[in-house]
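Structure, as structure tokens:
The values are calculated or read from the model by the stated rules, or taken from the named source; none is laboratory data. For clarity, every value in this text was computed on a predicted model and none was experimentally measured. Here the Cβ positions follow ideal geometry from the backbone for every residue, glycine too, while neighbour counts run over all protein chains shown. Side chains are part of the model used for accessible areas, which takes the heavy atoms of the whole protein and leaves out ligands, DNA and RNA. Shrake-Rupley method; radii C 1.70, N 1.55, O 1.52, S 1.80 Å.
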Amino acid sequence: MKTNFLKKKIKTYLKYLNYNKPIKFSLRRCDICGSKKNTIIKEIISWNRKKYGYLPIVACDFCGFIFQKINFTKEFYFDFYANYYRKIIFKDPTPSKKFLIDQKKRGQGIYNFVIKYFKKKGCMLDVGASSGLMLRVFKDNGWKVKGNDPDVQFVNYGNNKLKLKIDTCQAEDMKYNEKFDLIIIMGSLEHCYDPNLVLKKCAEYSKKGSILVLECRGDPQGRIKKYFNHNHHRYFNGNTQELIMIKHGWKPFLTTQNEITGPTRQGGYFTFGRYLGKNNKVNITRLIQMGKKETVETVKNRFIYFDALASKQKSS
């Protein structure tokens, strides 16, 4: 990609955000395998529900992981989620009643599903907790709970209105002294600046045998042009969630598309894994070479299928 071309396109994007600060960017490597080689899947994606623009989405040529080609700085992403994200996507910097009800129901769903894996009450962490209501059911049932999120307004609501303990920070900057029995990252790893650093920190804060739950948005429920959007920097599926989990010392024991947290996250994948310890990491490159991957052709065909399905549903 030519630098001048990218600068022009990025300038247009920043103008849309009304973002006036100086900014740097680079071309993102694959978060799973580190490869620089990738193939463009989609160039024009959603900037909001009615606005579309240039931010190319690629698939890794080695493992098939899907992500945004352009990578901005950590400072930009913190600023974006703290001051722009909610205003642009939802037009409201504070959580709506509908959002809070949904988050509470989702928390109940994950609690009901995961509690069978624990013999006693423990300590849990929600990375990307938003207002924190997914923590409430655990707290009400005697668990010690903590969370973090960079969205200042939502965190303030959780702390002040809901009396929950949520830290305002990017996940990469989280700091805890204790070790947790359960860590959940519900759709937030797709937004992080550095998901590998986030999981490295989660590993540091995990007891051996503890459980990690990853949720991703999964399969499209409509047109691909709308599915790919500027605030999702990468797109996991069941296989890539397992890969990044394995990479940092967890052994996946369940990946499912069952609607564990209710119907508002249709198409999503949930992956559950147990932490084996820092000395039990697997050679992820070897695992991919042995076949735990997708090809670019498979990725492309999958999205062709979902676009065709969306068109059929619209015409019927």
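Peptide packing: for 153-165, 60-72, the average count of neighbouring Cβ atoms within 10 Å per residue gives the ranking 60-72, 153-165, highest mean first.
Determine the sum of side-chain charges near residue 78: Lys and Arg each +1, Asp and Glu each -1, restricted to other residues whose C-beta is under 10 angstrom from that of residue 78. Don't skip to the end; give the middle numbers.
Numbers: positive: 74; negative: 75, 79, 172, 173.
Summing Lys and Arg as +1 and Asp and Glu as -1 gives -3.
In plain terms, the C-alpha convex hull of the range 97-190 casts an average shadow of 6.0 nm² when viewed from every direction. Working note: Cα atoms of the range 265-316, range along each principal axis, descending, whole Å: 54, 27, 10. For the range 157-316, the solvent-accessible area of protein heavy atoms averages 47 Å² per residue (probe radius 1.4 Å; ligands and nucleic acids excluded). Shape descriptor for the range 155-236: Rg over Rh equals 1.02 (Cα atoms; Rh from the Kirkwood inverse mean 1/r).
Between residue 121 and residue 7, how high is the FRET efficiency from 1/(1 + (r/R0)^6) when r is the Cβ-Cβ distance and R₀ = 51 Å? Nearest 0.05. Efficiency, from the Cβ-Cβ distance: 0.45.
Averaged over residues, the count of other Cβ atoms within 10 Å places the peptides 136-143, 229-236 in the sequence 229-236, 136-143, highest first. Within the chain, the proportion of Cα pairs with more than 33 Å between them is 23 percent.
In this label model, residue 105 and residue 225 are separated by 3.1 nm, measuring between points 7 Å along each Cα→Cβ vector. Of all DSSP beta bridges in the chain, what percent run antiparallel (nearest 5)? Beta bridges within the chain, antiparallel portion: roughly 60 percent.
The Cα center of the range 129-159 and the Cα center of the range 244-279 differ in position by 21 Å.
Rounded to two decimals, what ratio of Rg to Rh does the range 1-87 give with C-alpha atoms and a Kirkwood Rh? Before the final figure, lay out the partial values.
Numbers: Rg = 13.4 Å, Rh = 13.9 Å.
We get a ratio of 0.96 for the range 1-87.
Using the rule -39500 (n - 2.57) for each DSSP H run of four or more residues, divided by the residues of the chain, the 222 nm mean residue ellipticity is -11000 deg cm²/dmol.
Probe radius 1.4 Å, ligands and nucleic acids ignored: give me the carbon and sulfur share of the accessible area of the chain as a rounded percent. Present the calculation step by step, with values, prior to reporting the outcome.
Values: 7830 of 15550 Å².
Solvent-exposed carbon and sulfur of the chain make up 50 percent of the total.
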